[in-house]
Structures are given as structure tokens and as C-alpha cells.
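So the structure is just underneath, and the comments pick up after that.
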Amino acid sequence: MNINQFQWTREPKNYTLKEGYVEITTEPNTDLWQRTYYHFRNDNAPVFQMETEEKFFSFIVKTDFSQSGHRFDQCGVVMYLDSENWIKASVEYENEEFQHLGSVVTNHGYSDWATTAIPADVRVMWYRFSRREDDYCIECSRDGVRFSQMRICHMWEGGGRIRFGIYACSPEASSFPAVFTDMRITECAWKAHEGQQPD
């Protein structure tokens, strides 16, 4: 991928860009969340994205969060359209025993959070973000070969030109270097449904 096609939303103070390599040093008290349950609104995490009008594609990225170690430290894949419409998927550090592998979908200013617990010694995760028009699929993988579905969702504002890429943040008083490699775009790996026909 051509890293020059990517642009920052909220450029971080410390980062490294090289061909095939992005490192973001997170800043304390940065996050993405809108309203639901917690009632607060956080919209200050840096995101690094490219734009497209392509309706069918997959984006793959490898994340290395070996140096995360504080509650809620996270990095992953994102589609950030604006403050009230976005998707993210990541591993969020919790404690020395477990972390949360999860995804957040925010439509029209309300976020949800779907998670599963994974061991705290997992330090690398791949993501595959796929688009079929205004529907989206996020998958994860430990090896970059075998992907498992995390989430299928609809984005009400996700039918036209979109921006997608990577993000990293530390919602509490911490900081860590998040490393992103092996980014590539492929034909859509999320194939058309062949079961029940649409209504």
C-alpha cells in the first residue's frame, strides 16, 4: 500500500512512518466513544486513514501491541467517518490475566461494544475489514492466514465515500507504542450471501 494515500485525523505528537510500517505512540486520555451506558463522549484518538468510493474490498493490517500494559490501552482497525459514525476493532488491555478482543460500532452518535476475553499474553493481532456497499465485516486472526468473524454491521452513513485505516489510543493515564505492518487491500474476501434470498 502507498502510505502517502493516508491522512491523519488528529495527528499524534509522536509517530513513525516508513514504507510498510506505522508506529503511533499513544497519548494519555485519548479514546473514541459516544454516549451509550457511560454517558460521556470521547472523540480525540488519532486515526490514520485513506479514502475510497470502492464498494467491495478488504483491508488487512497486522497490529503489535507488545508494550501495552495499562487498562484500556488499544490499537486496531478503524473506519472513522465523523465523530458520530465510525467502526473500530482492537484488543484492549485489561490486566495481567486477560484482555478484551472487541469491536465498537457507532451509528448516529451512539456506540455499542461487543467483546470476548482473550489471554493477556496475546501481543499481536491481525484484522480484516471488508466492505459490501453499506454493510461491513470485521475479522481477526492470530497468524494472518486463518480469520474468524468478529462482527457484521450496517453503517447508516457508510454507503458512499468512506475513510478507513488504523488507530491507537490510551483512555487512561498511560502511553505505549502501537505498531502496524503488513497493510494491504485485496478483493473483497467477504463473499456474497448464497442462502436465503433478500426480501
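For (1) within 28 Å of GLN67 (Cα to Cα); (2) exposed (fewer than 12 other Cβ atoms within 10 Å of the Cβ), each residue gets a yes or a no:
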| position | (1), (2) |
| --- | --- |
| TRP113 | yes, no |
| PRO119 | yes, yes |
| GLY144 | yes, no |
| CYS153 | no, no |
| ILE162 | no, no |
| SER175 | yes, no |
| PHE180 | yes, no |
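So which residues in the range 1-26 are over 17 Å from the mean Cα position of the chain (by Cα) and acidic (Asp, Glu), if there are any at all? Correct list: GLU19 only. Say we look at the range 55-85 and pick out the residues that are assigned to a loop (DSSP other than H, G, I, E, B) and of a type outside the set (Gly, Ala, Ser); which of these is nearest to ASP43 (Cα to Cα)? So, considering only residues that are assigned to a loop (DSSP other than H, G, I, E, B) and of a type outside the set (Gly, Ala, Ser), the one nearest to ASP43 (Cα to Cα) is GLU84. Restricting attention to the range 58-84, the residues that are farther than 21 Å from LYS13 by Cβ and open to solvent by less than 10 Å² (accessible area, probe 1.4 Å) add up to 6. Being among the aromatic types (Phe, Trp, Tyr) and either in contact with a Pro (Cβ under 6 Å, 6 or more places away or on another chain) or touching a residue at least 24 places away in the same chain (Cβ under 8 Å) (or both) holds for only one residue in PHE59, PHE40, and it is PHE59. Residues of the range 114-134 that are in a loop (DSSP other than H, G, I, E, B) and farther than 17 Å from TYR167 by Cα: ALA120, ASP121, VAL122, GLU133, ASP134.
Residues in the range 1-44 that are among the hydrophobic types (A, V, I, L, M, F, W, C), under 19 Å from SER170 (Cα atoms) and crowded, with 16+ Cβ neighbours inside 10 Å: VAL22, ILE24, LEU32, TRP33.
The values are calculated or read from the model by the stated rules, or taken from the named source; none is laboratory data. What you see is a predicted model; the values in this text were computed from it and never measured. Reconstructed Cβ throughout: ideal geometry from the backbone, glycine too, with neighbour counts over all protein chains shown. When the accessible area is computed, the model is the full protein with side chains, heavy atoms only, and any ligands, DNA or RNA have been set aside. Shrake-Rupley method; radii C 1.70, N 1.55, O 1.52, S 1.80 Å.
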